[in-house]
Each structure stands twice: as structure tokens, then as C-alpha cells.
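Contents: one structure, followed by commentary.
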Amino acid sequence: MGSYRVIFTGTPKDYTQDGVDSLASLIYDAAVKINVSSVDVDLKNIDFKNGAIESSMFAEGYSSQEAFTLNFIFPENKITTIKSSAFRTLSSLKQIAIPDSVTVIEQEAFYYCYKLEKLTLSKNLKTIGDSAFFSLDSLKELIIPDSVTSIGIRTFANLLIKEVSIPASVNTLGSSAFAGSPNLSTVVYYGTSPDTINNKDALSFCAKLTTLILPNVQSPKSEEWKNFLGGNFTEVKQN
């Protein structure tokens, strides 16, 4: 047992092609052979094409990695985009801090990373694609930075978090963005109008949803806000 570091160099391949294993799968297979339980993955020396972590680059293969841990070390100011399915279903991912250079996370980038407990998003993130963080069963807290303007379809659906804050910067919110989150009881929205975001089902099927907090709205009227984003709020207040 123990912890090792893998340092990658060079240019990424096309990991979506048949017969091309993801880097996560290659690391895992090697770690199993030498009985290693944790690996630090150093990406600082990779020549990222167009500033992107490629599609399926670290997606999980056919073997579950949940008893194993990958810790990612990112370069500064090299990565702007995390492409589709880049870390899809990666059960060895327990925590991740996405570098502040990242502005776009594409669809299903972290889909069903069900062991992910701690997620720190880029402070300059603008766009989060469809199902990018769908069904993160172990996530304890979600903080969406106030740089985000667009959140896709089912992006944060099926989470077990109890509260979520939506920044005023968000103007596009996809269908079922936070839907099906059974423990979600409180939403904090920093905007000032219920009509800023045109969405009627972002909060659908959230059975425990009761409270909407509007810090920037003085004396909010319940009748205007009670069905905000498809929720069914019984309590609407400023703080």
C-alpha cells in the first residue's frame, strides 16, 4: 500500500477512439499490480491542445476504482476547458479543485462521479454543460461561483445536498438543472426578479424543498416567488 505520483508529459491522444484507454484506467491497472491505494496525478507538464482536458481523458474504464484514490495536480493558467465526459463515472475521484483558468465545463464531464465528496469550482467559470455534475451521490456541499452565466440541462440533478445558492450572474438555466435532489430544502437566489431566468422545472421533484431566501429583494412577495424555477416554496424571505 502507499501513495505514488505519476507525472505526465507530452500531448494528449484522442481518448474517444476504440482501443484507446483513458489515463485513469492505465494508472489504475498499474497501481493494482503494485498494491498502491492512492496516486497523485501531476498534469503540469502536459501540452494541452487548445487549453482543454480532452473528452474521456480520465473517464473510468470497465473496473470500479472506488477503493482507490486519484488526486489531480493541475497547472496554473493552462486549462480553459474540460471537455465532455473527461472524468465520467470516475469512482476514484474523491475531491477536486478545478483551476481558476477554467471557463467552460462541457456535458457529462463529471457525470456520476459518485464518490466525489468535495468540489471546488473555478472562480472564473462561465458555462457548465448538460449533466456535467449529474448524480454526485457523496457531494456534501455545492458552491456555484458568481462568474457562472449558463447552467445546462440536469447539470446538478440527483444530488444529496440540502442547500444551493444560485448567483445573480446566472441567466440561462437548463431543464431539470437541480431536479430530483431528495434532500434539497433551501435555495438562496441572489437575483432580484423571478423572471430573470426563464425556467419552470429546474427544481422539480425536490420533495423536501420549502425555503427560498432572496438576500437582494426587500420584502419579497410570496405569491411572486413561491413557484420560482418550478419549486413549491412554503417560505419566502429576505434572510
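Length available on full extension from N50 to D29: 0.36 nm per residue minus the Cα-Cα distance, which gives 4.7 nm. Rounded to the nearest 500, the 222 nm mean residue ellipticity of the chain from helices alone is -1500 deg cm²/dmol, with -39,500 (n - 2.57) taken per DSSP H run of at least 4 residues.
Label-to-label distance, T149 versus K237, with points set 7 angstrom from Cα along the beta-carbon direction: 3.5 nm. Compared with the rule-of-thumb size 2.2 N^0.38 Å for a compact globular protein, segment 161-239 has a Cα radius of gyration ratio of 0.96. The label point for T127 and the one for A67, both projected 7 Å from the Cα toward the Cβ, are 4.2 nm apart. Modelled label positions at T211 and S37, each set 7 Å beyond Cα in the direction of Cβ, lie 3.8 nm from each other. With a threshold of 27 Å on the Cα-Cα distance, the over-threshold entries among K94/K126; K49/K162; K94/K237; K83/K237 are K49/K162; K94/K237; K83/K237. DSSP beta bridges confined to the chain are antiparallel in about 0 percent of cases. Segment 166-186 and segment 3-60 have Cα centres separated by 32 Å. Neighbours of S22, meaning other residues whose beta-carbon lies under 12 angstrom from its beta-carbon, give a summed charge of -3 when Lys and Arg score +1 and Asp and Glu score -1.
Less than 5 angstrom separates the built amide H of G231 from those of L203, all sequence-distant by 5 or more or on a different chain.
Restricting segment 1-105 to GluC sites (Glu not before Pro) that sit in a DSSP loop and have at most 15 other Cβ atoms within 10 Å of their own Cβ leaves E66, E76. Tilt of helix 23-33 relative to the longest C-alpha principal axis of the chain, in degrees (0 to 90, nearest 10)? The two axes meet at around 60 degrees. As a size descriptor, the averaged projected area of the C-alpha convex hull of segment 27-117 was calculated at 5.7 nm². For segment 165-239, which GluC sites (Glu not before Pro) are both in a DSSP coil and crowded by at most 10 other Cβ atoms within 10 Å? Hits after loop and neighbour filter: nothing returned.
The stretch between S3 and N183, if pulled fully straight at 0.36 nm per residue, gains 61.3 nm over its current Cα-Cα span. Phi-derived couplings, Karplus 6.51 cos²θ - 1.76 cosθ + 1.60 at θ = phi - 60°, listed residue by residue for segment 70-81: 10, 10, 8, 10, 9, x, 8, 6, 10, 10, 10, 9 Hz, with x used for Gly and Pro.
Sorted fewest first by neighbouring Cβ atoms within 10 angstrom, S193, S56, S147, S135 come out as S193, S147, S135, S56.
In the chain, inverting the average of 1/r over every pair of distinct C-alpha atoms gives 18.6 Å as the Kirkwood radius. For segment 98-187, the spherically averaged projection of the C-alpha convex hull amounts to 4.7 nm². Distance from the Cα centroid of segment 64-84 to that of segment 119-161 is 16 Å (rounded to whole angstrom).
Read-outs: derived from the displayed coordinates by stated rules, not from any lab. In this text, all values refer to a predicted model and were calculated from it rather than measured experimentally. Because the Cβ atoms are built from the backbone with ideal geometry, glycine has one as well, and the counts that use them run over all protein chains shown.
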